[in-house]
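Worksheet: one structure, shown below.
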């Protein structure tokens, strides 16, 4: 039997302060940079998300085999990190779903810069060496993580790195986050349009407190939209420019305040907000079209297909074409069967707030939220949602 959790709406008005987790996106970049600078301790309070916890342990222990679980940034950043660890050899591996995701453009780029990487049956074998660096072009990569991984080791290359990021630039704010983190650790980074220039010279350790996570706030903004009388505050959450998902506050405001009968939201820069935004629209009966979703089929699951399946189960129509997704109608099935998040933490958390309008929402494998937000279910309880754990299918 699989674990499950059943969520029911609060019986009293929601009035809560949510201590959001630390941003695993910032934390994972900072940990790689701190390791390259020789002082992991300078990253203060990186958080307890599985992806970050695993990366920190691997960087501390430096085992020959590095198992990354399901962490995309963990895996891809470690491929680049291992490539510049002179005299060391590491096997970079992970869960089956992670290994099925695309990594070849990053591996090919590392090889062109001088890395010694070999594909194995369980991932990649990397022999660290001194790398030349130089100029490299990535044309419309499926993931901005490829760009970030290459950037992170740029100052460690003999010639530095001039990266040309041509074509469509998906999730650009994450690349800007990488540049900001690198500058914090003393690197010279020039980011202008398609050109990214990184000077050689390595890094210096600099204390960094990881900020609270705007991506996690999105699920609470969904709750707020479905429970308009709720009062939800986020101590310590700041609009400080670190995270592109700060745009969440504007996206939800546009959905609830606009008179446009069919808004169009471009999520090219912030695709991680798609799931909670789509479910918000369906719950409110707001037809909406989302664009810029081209890389979502390549995440922990095919997020476009997963959301479409869930909305059909909930009685709401959808239309999908390439990287465009339209929510068409309103949720009409108030008693849906259990939902399988298919290993996707964001899917589980985006479904949970629908308990505000349904009789109950049951999510299988609730432990998937540990990837980014281990305390999510406890925070829902503190907010007044009624949760019952049990066996699912």
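Nothing in this text is a laboratory measurement; each read-out follows from the coordinates by a stated rule. These figures come from a predicted structure and were not determined experimentally. Because the Cβ atoms are built from the backbone with ideal geometry, glycine has one as well, and the counts that use them run over all protein chains shown.
Below is a table of values for the structure above.
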{"item": "Between 0 and 90°, nearest 10: helix 214-226 axis offset from the chain longest Cα axis", "result": "10 degrees"}
{"item": "For the range 182-312: relative contact order, % (alpha-carbon pairs under 8 angstrom, 6 or more apart)", "result": "18 percent"}
{"item": "Rounded if a/c under 1.5, otherwise prolate or oblate - the range 24-209, Cα gyration tensor axes", "result": "rounded"}
{"item": "Cα-based helix-to-principal-axis angle, 274-284 vs the chain, degrees rounded to 10", "result": "10 degrees"}
{"item": "Fewest-first sequence of 148, 188 by Cβ atoms within 10 Å of each Cβ", "result": "188, 148"}
{"item": "Percent antiparallel among DSSP beta bridges (both partners in the chain, rounded to 5)", "result": "65 percent"}
{"item": "Point-to-point label distance, residue 88-residue 132, nm (Cα→Cβ direction, 7 Å offset)", "result": "2.5 nm"}
{"item": "Distance from the range 74-110 to the range 215-267 (C-alpha centre basis), Å", "result": "34 Å"}
{"item": "Convex hull per residue volume in Å³, alpha carbons only, for the range 135-275", "result": "116 Å³"}
{"item": "The chain: relative contact order as a whole-number percent, Cα under 8 Å and 6+ apart", "result": "22 percent"}
{"item": "Kirkwood-Stokes translational diffusion coefficient of the range 342-393, alpha-carbon pairs, 37 °C, 0.692 mPa s, µm²/s", "result": "288 µm²/s"}
{"item": "Among 19, 259, 272: highest mean-square fluctuation, GNM of the chain, C-alpha pairs under 10 Å", "result": "259"}
{"item": "Ranked 44, 1, criterion: other C-beta atoms within 10 Å, fewest first", "result": "1, 44"}
{"item": "Tilt relative to the chain, helix 172-184 - C-alpha long axis, 0 to 90 degrees, to 10", "result": "50 degrees"}
{"item": "Whole-Å semi-axes of the chain's equivalent ellipsoid (Cα gyration tensor)", "result": "37, 21, 20"}
{"item": "Taking all pairs of distinct alpha-carbon atoms in the range 281-370, Kirkwood radius in angstrom", "result": "13.3 Å"}
{"item": "Likely footprinting exposure, 289, 332, fewest C-beta neighbours within 10 Å first", "result": "332, 289"}
{"item": "Computed [θ] at 222 nm, deg cm²/dmol, the chain (DSSP H ≥ 4; -39,500 (n - 2.57); rounded to nearest 500)", "result": "-10000 deg cm²/dmol"}
{"item": "Cα gyration tensor shape of the range 101-168, rounded if a/c is under 1.5, else prolate or oblate by comparing a/b with b/c", "result": "oblate"}
{"item": "Mean Cα-pair separation over length for the range 24-209, i.e. relative contact order, pairs under 8 Å, 6 or more apart, %", "result": "22 percent"}
